[in-house]
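Just below is one structure, and these are the notes that go with it.
Each reported figure results from applying straightforward, stated rules to the coordinates on display, with no laboratory input. Predicted model only: the values in this text are computed from it and were never measured. For neighbour counting, all protein chains shown are included, and Cβ atoms are generated from backbone atoms with ideal geometry for every residue, glycine included.
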Amino acid sequence: MTDDETTLHAQCLCGSIALRVRASALSPIQVCHCSVCRRAQGGPFATNIPADASGVEFVRGKDHLKGYESSPGKTRWFCPTCGSPIHSTKDTLPGVLRLRAGLFTEPLPVRPVFHAHVDSGVTWWPLNDDLPQFAEGADAKALPAKMTVDVTGIDHIYITVTDMARAEAFYDRVMLAVLGHRKNTFSIHGDPHIQYYNRHFGFVLRPARTDRPHDSYSAGLHHFCLRVDSIADVQQVAKALADQGITATPAENYPQYADDYWATFFNDPDGIRLEITNYRQERRRRHDRWHQLGTPA
Ligand SMILES: [Zn+2]
Ligand SMILES: [Zn+2]
């Protein structure tokens, strides 16, 4: 190990066993929920880092290590004084030490990459991150080939309106009074803009250059749908729109779209169709179980 590479330090609870580890020897952290790992750690899962053995140096206690062959050809090594699990080795993976991530002193340069054996996992630990989950062992082929960029939302949308004052009066009621947004104004190339925004995105009005009303079936925007959390929220919005004097359809269930699809529809003064819908189960599953559901074609 040369000194110009980042070196990390790991040790057992009592300090009898200490390691120096070259950062570049570490692979991403594998989270294993199998019953063997759970028992070996005494926790809901193990966080294992496959490391290139050439980058791992025992500073102390290599001879102190005790091994337990938890399955044929797989040995889990631990400190016999304090019981800390240190690493595991597999006969089929020579040259690899699977280090336990919790032993390190410094912040790790690697991150968890998947959950394995989740079908054997405990029921009391919520898995609500975005990592791929495997019912049994991890299938490397099912992992994304590389890190892909994750688009996390719509940042802003601009619509054009034929009458700024009329549109502002309308959207003040919808976006400020009913939907709790805030408002600011700015200009681009001399054109006044009005932005309604919340913590998630911005909805911006700018002046149209023709008097033609919006045509949902010309190229461009057909309709715009905002999501609220629950069916009760859709019902509340529909009522609040009516209270603001805005003609909107009653909050209704549309089972032809999905069993729990609820929505209210209304139009802006230029004829842009607006919709409010709830965060339905299929969308929640798509969000929470993206990796398990596979990659759409
Ligand atoms: Zn120890
Ligand atoms: Zn395991």
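Not counting the cut sites, what is the longest span of the chain without GluC sites (Glu not before Pro) that DSSP labels loop and that have at most 14 other Cβ atoms within 10 Å? Please list the in-between numbers first.
Numbers: sites that count: Glu5, Glu136.
After excluding every exposed loop site, the longest remaining stretch is 137-297.
Can you compute the FRET efficiency between Ala219 and Ala23 using 1/(1 + (r/R0)^6), with r the Cβ-Cβ distance and R0 = 51 Å? Round to the nearest 0.05. If you can, show how the numbers build up before the last one.
On the way: r = 52 Å, r/R0 = 1.02.
That pair, Ala219 with Ala23, gives E of 0.50.
Hey, got the dipole for the stretch 7-142? About the Cα centre, +1 on K and R Cβ, -1 on D and E Cβ, debye to the nearest 20?
Approximately 360 debye in magnitude.
Calculate the translational D of the stretch 156-285 in whole µm² s⁻¹ from Stokes-Einstein, where the hydrodynamic radius comes from the Kirkwood formula applied to all Cα pairs, the temperature is 37 °C and the viscosity 0.692 mPa s.
212 µm²/s
In debye, nearest 20: dipole of the stretch 183-241 around its Cα centre with unit charges on the Cβ of K, R (+) and D, E (-)?
Taking the Cα centre of the stretch 183-241 as origin, the dipole is about 100 debye.
Once you treat every alpha carbon in the stretch 1-152 as an equal point and sum by Debye, what is log10 I(q)/I(0) at q = 0.14, 0.15, 0.18, 0.20 Å⁻¹?
Scattering profile of the stretch 1-152, log10 relative to I(0): -0.72, -0.83, -1.17, -1.38.
Taking the Cα-to-Cβ direction at Asn253 and at Phe201 and moving 7 Å from each Cα, how far apart do the two end points lie in nm?
2.7 nm
At 25 °C and a viscosity of 0.890 mPa s, what translational diffusion coefficient does Stokes-Einstein give for the chain, taking Rh as the Kirkwood radius over Cα pairs? Give it in µm²/s as a whole number.
Details: Rh = 24.0 Å.
The calculation lands on 102 µm²/s.
Let me check I've understood the local charge: for Lys74, count other residues with C-beta under 10 angstrom from its C-beta, Lys and Arg +1, Asp and Glu -1. What total comes out?
+1
Mind checking the log10 I(q)/I(0) for the stretch 12-93 at q = 0.17, 0.21, 0.22, 0.24 Å⁻¹? Debye, one equal scatterer per Cα, no solvent, two decimals.
-0.73, -1.14, -1.24, -1.42
How big is the charge dipole of the chain about its Cα centre, in debye rounded to the nearest 20, if each Lys and Arg gets +1 on its Cβ and each Asp and Glu gets -1 on its Cβ?
Working: 32 positive and 33 negative charges, 175 e Å.
My answer is approximately 840 debye.
Could you tell me the calculated FRET efficiency between Cys14 and Asp130, based on Cβ-Cβ distance and R0 = 30 angstrom, to the nearest 0.05?
Numbers: r = 36 Å, r/R0 = 1.22.
E between Cys14 and Asp130, to the nearest 0.05, is 0.25.
Taking other Cβ within 10 Å of each residue's Cβ, how do Met175, Met164 sort, fewest first?
Arranged by neighbour count, lowest to highest, Met175, Met164 become Met164, Met175.
In nm, what is the difference between 0.36 nm times the number of residues separating Tyr158 and Asp139 and their Cα-Cα distance?
2.6 nm
Which residues in the stretch 226-254 place their backbone N less than 17 Å from a point set 7 Å from the Cα of Ala177 along the Cα-to-Cβ direction?
Output list for this probe position: 236-249.
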